[in-house]
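The values are calculated or read from the model by the stated rules, or taken from the named source; none is laboratory data. Everything numeric here is computed off the predicted structure, so don't read it as measured data. Virtual Cβ from ideal backbone geometry, glycine too; neighbours counted across all protein chains shown.
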């Protein structure tokens, strides 16, 4: 009887270690993803791009990480001002990963990349679709604001003004309310072109930095969530191990003969 119990314990231990090795294997994307996020947060965009590409190439089966990696690749290129390449990655998420946690972000930045590339009509369509589908999202007021700017860039001041007024009315405490008031004054006041160009450059620079900081906050929050999930998983495994130890007491000496 003790011999049977001994072999049963050995089998259970082997099964446990086998499952542990398997679990370790599926956490490799997590390690690569976290490293790539750290590099992005520290402004090391080229290194971050390399790590996210490694993640995609080595773990194509993991749609969750691949979808998110495409989003962060887009942001890396966006911050490097390579807007065409950035746009291609945002489109990948929008077209292929509808369940990605960064789907909405990718849709918004698809519009921003189109705006940067001066594809104003396409950007208008993207921004319209965004705030229509997600009116309470953190980028909804941004989308409405940038739609107004797209019209203004096309010298369509009347529709541009209508969207700036809508931003102020619908999102009075949003981060684009003051920018919309400024644009209204800019259009109505009609300052010289040289002044407009200078102000445009300044506001564009500040907007990009504000959005960059927001994406870094997203990266930090996601890392915190990943760590918490990891801690919960470890606690759960620890509880399973403790329970198994209570149930299976390995004898100090096991007789090999009946």
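A few comments on the model shown:
- Any hit, the stretch 83-90, residues being more than 12 Å from the chain's Cα centre (by Cα), surrounded by 24 or more Cβ atoms within 10 Å (Cβ to Cβ) and under 13 Å from residue 143 (Cβ atoms): no
- In the condition set (1) under 17 Å from the mean Cα position of the chain (by Cα); (2) within 29 Å of residue 165 (Cβ to Cβ), residue 64 is compliant with all but (2).
- Failed item in (1) within 25 Å of residue 152 (Cβ to Cβ); (2) in contact (Cβ under 8 Å) with a residue 12 or more places away in the chain, with residue 74 passing the rest: (1)
- Checking each residue in the stretch 54-63 for being part of a helix (DSSP H, G or I) and more than 13 Å from residue 96 (Cβ to Cβ) picks out 54, 55, 57, 58.
- Of the listed requirements (1) surrounded by fewer than 16 Cβ atoms within 10 Å (Cβ to Cβ); (2) more than 20 Å from residue 138 (Cα to Cα), residue 77 misses just one: (1).
- Residues within the stretch 91-125 that are over 15 Å from residue 63 (Cα atoms), buried (at least 20 other Cβ atoms within 10 Å of the Cβ) and under 18 Å from the mean Cα position of the chain (by Cα), tallied: 9
- Residue in the stretch 114-130 that is within 16 Å of residue 71 (Cα to Cα) and either at pLDDT 95 or above or in a loop (DSSP other than H, G, I, E, B) (or both) present: yes
- Residue within the stretch 30-43 that is surrounded by fewer than 21 Cβ atoms within 10 Å (Cβ to Cβ) and in a loop (DSSP other than H, G, I, E, B) present: yes
- Output for the stretch 131-149, where each listed residue is assigned to a helix (DSSP H, G or I), within 26 Å of residue 82 (Cβ to Cβ) and either in contact (Cβ under 8 Å) with a residue 40 or more places away in the chain or within 21 Å of the chain's Cα centre (by Cα) (or both): 142, 143, 146
- Subset of the stretch 150-179 (residues that are free of Cβ contacts under 8 Å to residues at least 24 places away in the same chain, assigned to a helix (DSSP H, G or I) and over 27 Å from the mean Cα position of the chain (by Cα)): 158, 159, 162, 163, 164, 165, 166, 168, 169
- Test result for residue 81, more than 21 Å from residue 186 (Cα to Cα) and out of contact with any strand residue (DSSP E or B) (no Cβ under 9 Å at 6 or more places or on another chain): yes
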